[in-house]
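Enquirer: This is the structure I have questions about; it appears just below.
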Amino acid sequence: MPEMNRRLVLANRPHGMPKESDWRMESAPVSEPEDGKILARALYLSVDPYMRGRIATSKSYAKSVEIGETMVGGGVGRVVASRHPDFQAGDTVESMAWGWQDYAVLDPKITRKLDQRYGSPRDALGLLGLPGLTAYFALLDVGQPNPGETVVVSSASGAVGQVVGQIAKIKGCRTIAVAGDDRKIDWCVRDCGYDAGVNYKTAKDLPAALAAVCPDGIDVYFDNTGGPIHDAVMGLIRLRARIIICGTISNYNRLGEPDMGPRHLRQVLINRARIQGFLLWDFQHRYQEAITQLAAWAKEGRIKYREDVMDGLQNMPRAFLRLLTGENFGKQLVKIADA
């Protein structure tokens, strides 16, 4: 059994943009797994936008991290000790309840044993994990795209957005990428097959820039950001448009404050549009369906996936801040140990 476990705990509750100093590193003895639990060593930890909401005090769909508690997050790793009959030492597992730490005692009820016929352990945090499954169910079940429709995706080069665009192309749609970096736009068009892109940071008139690449309007909007991009899209929605609210990262540093901007109820009324929020947990009973299909598309070369990997547990806060400021390029991961 290993002796010590490093973990990053929340040291201060940030107001506005977090700082690296809002977390501190601690070491403690590794806990023995109780009956029915497993102990696993992290290989990769995931960095995701939802984490900003978990360190805020405003009401959300999950409990906030308290000061002194281990920061929440998902990870993949290897079982080092098991007191559950379905898991053995050496198994590769994924859990959204890992936390920012080297070793985690995991509940098998919310831990997935990985079948590496579908992909690598890293894939379980990206294409075959929360981002890929979010893209699959949110677009297909909520967005319900039809061939020939125009699909616009914000944060299009991100962990979720890159998959959304490629699934939309598989379904015969015209796709428009919105991102804040010309390199990201170029990659979305060249590698993900987006038909066009708009840099929201350099566009002098964002609604006009979107209108130029969406001359017939927008049928499906996959919203990862909220804010000004959402406002620009809402003026262009077509009859019976579907707007998927997957994330509101533009507002994450102002949680609990009013979300200022235009009101679009008239546009929704006139176009009989549908705006629907999305949480992946509603589709837990269908995860294997998505994993099987996404893995098949990847094997066929129909979906490519880009990752942005940093090294070392100590860099988790830095990787998280890169995500919040858009410095990352692809799915943000942190490597903790060699496989």
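The values are calculated or read from the model by the stated rules, or taken from the named source; none is laboratory data. What you are looking at is a predicted structure, and each value in this text was computed from that prediction instead of being measured. Please note: Cβ atoms are built from the backbone with ideal geometry, for glycine as well, and neighbour counts cover all protein chains shown.
Enquirer: Kindly indicate which of A156, A104 is buried (at least 24 other Cβ atoms within 10 Å of the Cβ), at pLDDT 95 or above and over 18 Å from the mean Cα position of the chain (by Cα). Steps first, please.
Expert: Numbers: A156 fails: over 18 Å from the mean Cα position of the chain (by Cα).
Exactly one of A156, A104 is buried (at least 24 other Cβ atoms within 10 Å of the Cβ), at pLDDT 95 or above and over 18 Å from the mean Cα position of the chain (by Cα), namely A104.
Enquirer: Need the failing condition index for V268 against (1) assigned by TED's automatic domain parsing to the domain that holds V220; (2) assigned to a loop (DSSP other than H, G, I, E, B); (3) more than 19 Å from the chain's Cα centre (by Cα), just the number.
Expert: (2)
Enquirer: Only one of V9, V76, V72 is touching a residue at least 60 places away in the same chain (Cβ under 8 Å) and of a type in the set (V, I, T); which?
Expert: On inspection, the qualifying residue turns out to be V9.
Enquirer: Considering only segment 29-56, state which residues are closer than 11 Å to D102 by Cα and among the small types (G, A, S).
Expert: Of everything in segment 29-56, those that are closer than 11 Å to D102 by Cα and among the small types (G, A, S) turn out to be A40, A42.
Enquirer: Exactly one condition in (1) in a helix (DSSP H, G or I); (2) without any contact (Cβ under 8 Å) to a residue 60 or more places away in the chain; (3) not polar (S, T, N, Q) is false for W98; which is it?
Expert: Evaluating W98 over (1) in a helix (DSSP H, G or I); (2) without any contact (Cβ under 8 Å) to a residue 60 or more places away in the chain; (3) not polar (S, T, N, Q) leaves (1) as the failure.
Enquirer: Conditions: (1) more than 28 Å from S155 (Cβ to Cβ); (2) surrounded by 15 or more Cβ atoms within 10 Å (Cβ to Cβ); (3) of a type in the set (S, T, Y); (4) at pLDDT below 95. S31 meets all but one. Number of the miss?
Expert: Of (1) more than 28 Å from S155 (Cβ to Cβ); (2) surrounded by 15 or more Cβ atoms within 10 Å (Cβ to Cβ); (3) of a type in the set (S, T, Y); (4) at pLDDT below 95, only one is false for S31: (2).
Enquirer: Separate question: Keeping to segment 118-140, report how many residues are in a loop (DSSP other than H, G, I, E, B) and surrounded by fewer than 24 Cβ atoms within 10 Å (Cβ to Cβ). Outline the logic, then answer.
Expert: Taking segment 118-140 first, the residues in a loop (DSSP other than H, G, I, E, B) are 118-120, 126-129.
Within this subset, residues satisfying the condition of being surrounded by fewer than 24 Cβ atoms within 10 Å (Cβ to Cβ) are 118-120.
So the answer is 3.
Enquirer: Look at segment 141-158 and say how many of its residues are assigned to a strand (DSSP E or B) and out of contact with any strand residue (DSSP E or B) (no Cβ under 6 Å at 6 or more places or on another chain).
Expert: Of the residues in segment 141-158, 0 are assigned to a strand (DSSP E or B) and out of contact with any strand residue (DSSP E or B) (no Cβ under 6 Å at 6 or more places or on another chain).
Enquirer: Let me ask you something else. Is it fair to say D86 is touching a Pro at 6+ places or on another chain (Cβ under 9 Å), under 11 Å from A42 (Cα atoms) and assigned by TED's automatic domain parsing to the domain that holds S27?
Expert: no
Enquirer: Is at least one residue of segment 288-295 in a helix (DSSP H, G or I) and either assigned by TED's automatic domain parsing to the domain that holds Q101 or within 16 Å of G73 (Cα to Cα) (or both)? Working first, answer last.
Expert: Taking segment 288-295 first, the residues in a helix (DSSP H, G or I) are 288-295.
Checking which are either assigned by TED's automatic domain parsing to the domain that holds Q101 or within 16 Å of G73 (Cα to Cα) (or both) leaves us with none.
No: zero hits.
Enquirer: Suppose we keep only residues that are touching a Pro at 6+ places or on another chain (Cβ under 8 Å) and of a type in the set (A, V, I, L, M, F, W, C) within segment 35-55. Which one would you say is nearest to D123 (Cα to Cα)?
Expert: Ranking the candidates gives L43 first.
Let's see how each residue does on (1) crowded, with 17+ Cβ neighbours inside 10 Å; (2) among the basic types (K, R); (3) closer than 11 Å to S154 by Cβ:
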position: K204; (1), (2), (3): no, yes, no
position: A208; (1), (2), (3): no, no, no
position: F222; (1), (2), (3): yes, no, yes
position: P228; (1), (2), (3): no, no, yes
position: I237; (1), (2), (3): yes, no, no
position: R240; (1), (2), (3): no, yes, no
position: I249; (1), (2), (3): yes, no, yes
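Enquirer: Hey, another quick one. So which pairs qualify, if the first residue must be in segment 222-244 and in contact (Cβ under 8 Å) with a residue 24 or more places away in the chain, the second must be among the basic types (K, R), the Cβ gap must be under 8 Å, and the two must be at least 6 apart or on different chains?
Expert: Final answer for the pair search is L239/R272; R240/R272; R240/R274; A241/R274; R242/R274; I243/R274.
Enquirer: A further question on this structure: Regarding G36, is this residue closer than 22 Å to A319 by Cβ and of a type in the set (G, A, S)?
Expert: So G36 fails the test.
Enquirer: Further question: Considering segment 296-336 alone, what residues qualify as being outside any helix (DSSP H, G or I), more than 19 Å from R183 (Cβ to Cβ) and under 13 Å from the mean Cα position of the chain (by Cα)?
Expert: The answer is L333, and nothing else.
Enquirer: Tell me yes or no: at least one residue of segment 71-90 is at pLDDT below 95 and touching a helix residue (DSSP H, G or I) at 6+ places or on another chain (Cβ under 6 Å). Write out each step before concluding.
Expert: Kept after step one, since they are at pLDDT below 95, are these residues of segment 71-90: none.
Checked against the condition, which is being at pLDDT below 95 and touching a helix residue (DSSP H, G or I) at 6+ places or on another chain (Cβ under 6 Å), segment 71-90 yields no hits at all.
Enquirer: May I ask you to verify whether T134 is farther than 23 Å from W297 by Cβ, hydroxyl-bearing (S, T, Y) and outside the structural domain of G326 (by TED's automatic domain parsing)?
Expert: In short, no.
One line per residue, one yes/no per condition, for (1) over 30 Å from Q88 (Cα atoms); (2) not polar (S, T, N, Q):
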{"position": "E32", "(1), (2)": "no, yes"}
{"position": "I38", "(1), (2)": "no, yes"}
{"position": "S46", "(1), (2)": "no, no"}
{"position": "R52", "(1), (2)": "yes, yes"}
{"position": "V65", "(1), (2)": "yes, yes"}
{"position": "G68", "(1), (2)": "yes, yes"}
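Enquirer: From S21, S64, grab the single residue that is farther than 30 Å from P85 by Cβ and outside any loop (DSSP other than H, G, I, E, B).
Expert: Details: S64 fails: outside any loop (DSSP other than H, G, I, E, B).
Going through S21, S64 in turn, the sole match is S21.
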